[in-house]
Amino acid sequence: MKGPTADMGEPLEPYVPDPTLRAALEDFGQQCDREISVPPQTRLDRGYGGGTLFVARLTEPAPPGREPTRKVFVKVLPARSRQREVRGQQWSRATARATVGDFARQHLAEQIFPPIDLRDGRRLMFQEPTNDFQETTDDGARVRGLDELDGEDLLAAFRTVLEAVLHEWNSVAPAPATGGPSTRETPLGPYLERELRAAGAWEKVHHAMSIFGFHSGAESLLIDSRPLPNPLRPVDPASPHHRQPVRFHTGFAHGDLHGGNVLVPCGPDGRPHPERFSLVGLSAVDAEAPLTRDVAALLLATVLRYVPSLGRDESEALIDYLVHPQRGRPGALPAPVAELVRIADEVGTAYARPVGGTVTWRRQARLSLIAQALTCTTFEDLRPDRGLWCLRLAARAMQAHIEENPAVHPAGAAPATAVGRWPVRPPTSPDDETGTAPPRHAPAAPHVAAPPVPAAGHGVVAPGAAPSRVGAQGSPPRRVRLWCALAAALLTAGIAMWLLDAL
């Protein structure tokens with residue numbers, strides 16, 4: 001089938017019901033003199049960003065002795081994701097191959113054609129899987145995303161991907177004297193801001209906090225009647241934790257590692273081959289990223305599949321385990337979600353042990369977990385339940401970090417009071433019929449220093465309530481006293497002038 005033929009709609013229809021996308025694929029085949037079809041597979045809807053990914057067969061003119069048909073990944077990006085994906089065009093598998101040896105050749109898909117802009121603002125991209133992936137998926141075999149796997153298949157693939165990302169992509173030399181991943185130091189606030197920007201969440205996270213009824217500049221949050229540190233507060237230079245030093249290992253990171261961007265080939269019998277996985281969506285690859293970025297991203301994206309089915313005690317146990325993996329699996333936490341946490345900690349600490357120890361790694365991993373959890377609060381399809389769970393996870397992780405790394409408060413200073421209370425009714429969606437929702441990208445309100453903490457039971461301000469301007473001893477604030485003194489002086493001057501006129 002070259003270009004639009006009479007029977008082309010049939011092989012594309014079951015997997016590409018979108019007429020705009022089908023028309024673009026047909027035009028692509030016609031202009032490039034290539035045949036494009038879709039083999040039997042499960043349609044792959046990828047990630048929380050609304051993108052779609054599926055496998056297609058591409059047949060093109062080839063010289064004798066060369067296989068004319070190859071598989072390609074067809075990725076469709078939502079209009080709002082285009083800017084980030086364009087930034088990723090600077091990355092190529094050739095660049096990675098020159099730097100990291102065999103990992104790129106074995107596991108990184110490569111973009112093989114320029115992107116195609118669709119009429120509705122979306123972008124169509126073609127990526128070629130590795131040779132190992134191509135060989136495994138011959139003869140009608142299927143391709144499955146990691147987020148389509150369950151049970152032992154999921155656990156095996158999850159471990160394989162993390163071990164490859166750390167031990168192969170960021171290989172550590174056997175002897176510490178010969179090298180290893182570089183270590184850097186930066187303040188806590190810039191570390192979190194960098195991670196949020198890398199995930200594309202920096203412009204959205206403040207609005208996401210307001211949806212849950214919280215002020216992003218508050219010192220603490222009250223969630224389910226429990227005060228917790230605001231995990232976003234340290235990015236403010238006024239925070240006592242902003243300049244707290246953080247040491248972290250750096251290296252290569254995918255930057256958007258979730259189950260939708262990890263494709264696992266399956267044999268004709270349906271058995272997955274995780275050792276031949278392929279990574280797609282390379283728009284956010286970073287050669288100097290914190291090495292815990294990918295671990296935290298893949299772990300959180302995978303465990304979120306199980307959060308809706310967990311009871312309250314199990315949900316709390318999962319947060320405890322994510323924040324304190326060194327304490328071991330809580331008894332209330334079922335498999336396989338508990339195994340995912342254990343595997344991530346085991347693989348990460350095994351990698352870090354010869355290059356600096358597990359303490360630095362776990363501290364760094366916790367901060368990456370905070371950043372990833374905050375990022376997840378910006379995903380509309382995770383709100384409100386899983387989004388709030390992620391906010392609670394980020395706050396609990398920040399609480400553990402602060403307890404282990406307390407900040408020194410200036411003499412006489414007191415932390416700001418909590419602003420926000422859950423449960424509240426989140427604002428209505430901008431698509432609601434009422435039309436009363438706030439703007440989606442409303443700027444965050446500027447942070448205002450809060451008064452000293454009042455007595456117990458009065459330190460929380462509900463959303464929308466203005467904190468009292470009365471001081472701790474009940475006296476009026478300084479500005480009111482100045483105005484009163486000025487008024488008294490003017491009145492005295494007026495009386496004096498009247499008396500002089502009378503005389």
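The values are calculated or read from the model by the stated rules, or taken from the named source; none is laboratory data. Predicted, not measured: the structure shown is a model, and the values here were computed from it. Quick reminder, even Gly has a Cβ in these numbers, built from the backbone with ideal geometry, and neighbours come from all protein chains shown.
Restricting segment 307-334 to residues that are within 23 Å of the chain's Cα centre (by Cα) and polar (S, T, N, Q), which is surrounded by the most Cβ atoms within 10 Å (Cβ to Cβ)?
Ser315
Report every pair of residues separated by at least 6 positions or lying on different chains whose Cβ atoms are under 9 Å apart, first residue within segment 108-126 and at positive phi, second modelled with pLDDT under 85.
Filtered contacts from segment 108-126: Gly121/Pro78; Gly121/Ala79; Gly121/Arg80; Gly121/Arg82.
Looking only at segment 254-308, which residues are at positive phi and touching a Gly at 6+ places or on another chain (Cβ under 8 Å)?
Gly281 - this is the single residue of segment 254-308 that is at positive phi and touching a Gly at 6+ places or on another chain (Cβ under 8 Å).
Residues of segment 255-279 being among the acidic types (Asp, Glu) and more than 16 Å from Gln106 (Cα to Cα), which ones?
Across segment 255-279, the qualifying residues are Asp256, Asp269.
Tell me yes or no: at least one residue of segment 263-284 is surrounded by fewer than 20 Cβ atoms within 10 Å (Cβ to Cβ), of a type outside the set (S, T, N, Q) and under 30 Å from Thr360 (Cα atoms).
yes
A quick yes/no check of all residues on (1) farther than 24 Å from Leu149 by Cα; (2) outside the structural domain of Ala395 (by TED's automatic domain parsing); (3) out of contact with any helix residue (DSSP H, G or I) (no Cβ under 7 Å at 6 or more places or on another chain):
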position: Ser309; (1), (2), (3): no, no, yes
position: Ala317; (1), (2), (3): no, no, yes
position: Leu322; (1), (2), (3): no, no, no
position: Gly331; (1), (2), (3): yes, no, yes
position: Leu340; (1), (2), (3): no, no, no
position: Asp345; (1), (2), (3): no, no, no
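Just for segment 127-137: of the residues that are crowded, with 19+ Cβ neighbours inside 10 Å and over 24 Å from the mean Cα position of the chain (by Cα), which one is modelled with the lowest pLDDT?
Taking the candidates together, the pick is Thr137.
Please work out which one of (1) over 24 Å from Trp361 (Cα atoms); (2) crowded, with 20+ Cβ neighbours inside 10 Å is the condition Ala238 fails and give its number.
Among (1) over 24 Å from Trp361 (Cα atoms); (2) crowded, with 20+ Cβ neighbours inside 10 Å, the lone unmet condition for Ala238 is (2).
Among the residues of segment 295-307, is there at least one that is assigned by TED's automatic domain parsing to the domain that holds His167, of a type in the set (S, T, N, Q) and within 20 Å of Phe73 (Cβ to Cβ)?
No; the residues of segment 295-307 include none that is assigned by TED's automatic domain parsing to the domain that holds His167, of a type in the set (S, T, N, Q) and within 20 Å of Phe73 (Cβ to Cβ).
Only one residue in Gly140, Gly65, Gly49, Gly121 is modelled with pLDDT under 80 and closer than 27 Å to Cys376 by Cα, so which one is that?
Gly49
In this structure, does Val359 turn out to be surrounded by 18 or more Cβ atoms within 10 Å (Cβ to Cβ), at pLDDT below 95 and either among the aromatic types (Phe, Trp, Tyr) or within 28 Å of Phe103 (Cα to Cα) (or both)?
Against the criterion (surrounded by 18 or more Cβ atoms within 10 Å (Cβ to Cβ), at pLDDT below 95 and either among the aromatic types (Phe, Trp, Tyr) or within 28 Å of Phe103 (Cα to Cα) (or both)), Val359 does not qualify.
Surrounded by 13 or more Cβ atoms within 10 Å (Cβ to Cβ) and modelled with pLDDT of 95 or more: which single residue out of Ala373, Ala416 fits that description?
Ala373
Is there any pair linking a residue in segment 251-265 that is part of a strand (DSSP E or B) to one that is among the charged types (D, E, K, R), with Cβ under 6 Å and at least six apart or on different chains, and which?
Ala253/Asp286; Ala253/Arg293; Ala253/Asp294; Val264/Arg144; Pro265/Arg276
Within segment 186-200, is even one residue free of Cβ contacts under 8 Å to residues at least 40 places away in the same chain and under 22 Å from Gly281 (Cβ atoms)?
yes
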